[in-house]
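Below you'll find the structure, written out as structure tokens, and then a few comments.
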Amino acid sequence: MGAFQIFFFLLLSCYTLTTVIAQDETGFVSSIDPKFFKRRQNTSHFRFYWHDIVSGENATSIDIVSALPEYNTTTLFGEVKIIDNPLTLGSELSSKLIGRAQGIYASTSQTELNFLMIMNFVLFEGKYNGSTISILGRNDAYEKVRELPVIGGSGIFRFAKGYAEATTHFLDTKTGDATTEYNVYVTHSI
């Protein structure tokens, strides 16, 4: 063996050893280069209005499980809704549509009016078109400002983190229709 062949053999052996070390015994998991996560970060503030329309022919929030009557009905305990709610730039439903909130929320307390919110804010505008911000958390309806965690997202918001503040702007106590202002603070890679 010549010097070049020995060097090539050692180089190939090191590469093979590195590859084996980077994978676990299952063969389908491997390490990721830490530089992948060291991208420039940006924190953005989004403000929009969430329209929860539960009444009428064009409802965007539909019961998939009704409240359980044997429990305290003032809290709607057990009720589960699926949503495809408009997100608008202004507080009026007729203002510019910038996205949709798609997901589920459920009444989770027998003693208070609060909800487990599981939803994606799907955005339509500009460079955010097609990107989503994912929310999962507790929404205590009697609090003036509710804070919910941002747990991730897709597109521009891949590996996102942050929080959303929800403030009721309008509530029709007869129909249940509501408009909520959302201020979302999200840190994401650029």
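The values are calculated or read from the model by the stated rules, or taken from the named source; none is laboratory data. Remember, it's a predicted structure, so these values are computed and weren't measured experimentally. For neighbour counting, all protein chains shown are included, and Cβ atoms are generated from backbone atoms with ideal geometry for every residue, glycine included. Ligands, DNA and RNA are stripped out before the accessible areas are found, and what is left, the full protein with its side chains, is counted by its heavy atoms. Shrake-Rupley method; radii C 1.70, N 1.55, O 1.52, S 1.80 Å.
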Quiz item: Assuming ILE104 fulfils every condition listed in (1) out of contact with any Asp or Glu (no Cβ under 8 Å at 6 or more places or on another chain); (2) free of Cβ contacts under 8 Å to residues at least 40 places away in the same chain apart from one, which condition is it?
Solution: (2)
Quiz item: Do you know which residues across region 44-65 are more than 15 Å from ALA141 (Cβ to Cβ) and touching a Leu at 6+ places or on another chain (Cβ under 9 Å)?
Solution: PHE46, ARG47, PHE48, TYR49, HIS51, ILE53
Exercise. Inspect region 169-180 for any residue being surrounded by 14 or more Cβ atoms within 10 Å (Cβ to Cβ), among the hydrophobic types (A, V, I, L, M, F, W, C), assigned to a loop (DSSP other than H, G, I, E, B) and out of contact with any Pro (no Cβ under 6 Å at 6 or more places or on another chain) and give the result as yes or no.
Key: no
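Part of a loop (DSSP other than H, G, I, E, B) and at pLDDT below 95: which single residue out of GLU112, GLU92 fits that description?
Working: GLU92 fails: at pLDDT below 95.
The unique qualifying residue is GLU112.
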Quiz item: Of all the residues that make up region 68-82, how many are open to solvent by less than 90 Å² (accessible area, probe 1.4 Å), on the phi < 0 side of the Ramachandran plot and out of contact with any Phe, Trp or Tyr (no Cβ under 7 Å at 6 or more places or on another chain)?
Solution: 6
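Scan region 57-67 and give yes if some residue there is among the aliphatic types (A, V, I, L, M), in a loop (DSSP other than H, G, I, E, B), touching a Phe, Trp or Tyr at 6+ places or on another chain (Cβ under 7 Å) and open to solvent by less than 80 Å² (accessible area, probe 1.4 Å), otherwise no. Working first, answer last.
Filtering region 57-67 down to residues among the aliphatic types (A, V, I, L, M) leaves 59, 62, 64-65, 67.
Next, only the ones that are in a loop (DSSP other than H, G, I, E, B) stay: 59, 67.
From the residues that got through so far, the ones that are touching a Phe, Trp or Tyr at 6+ places or on another chain (Cβ under 7 Å) too are 67.
From what's left, open to solvent by less than 80 Å² (accessible area, probe 1.4 Å): 67.
Scanning region 57-67 turns up at least one residue that is among the aliphatic types (A, V, I, L, M), in a loop (DSSP other than H, G, I, E, B), touching a Phe, Trp or Tyr at 6+ places or on another chain (Cβ under 7 Å) and open to solvent by less than 80 Å² (accessible area, probe 1.4 Å).
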Practice problem: Just give me the residues in region 141-153 being in contact (Cβ under 8 Å) with a residue 24 or more places away in the chain and surrounded by 14 or more Cβ atoms within 10 Å (Cβ to Cβ), in sequence order. | Solution: ALA141, LEU148, VAL150, GLY153
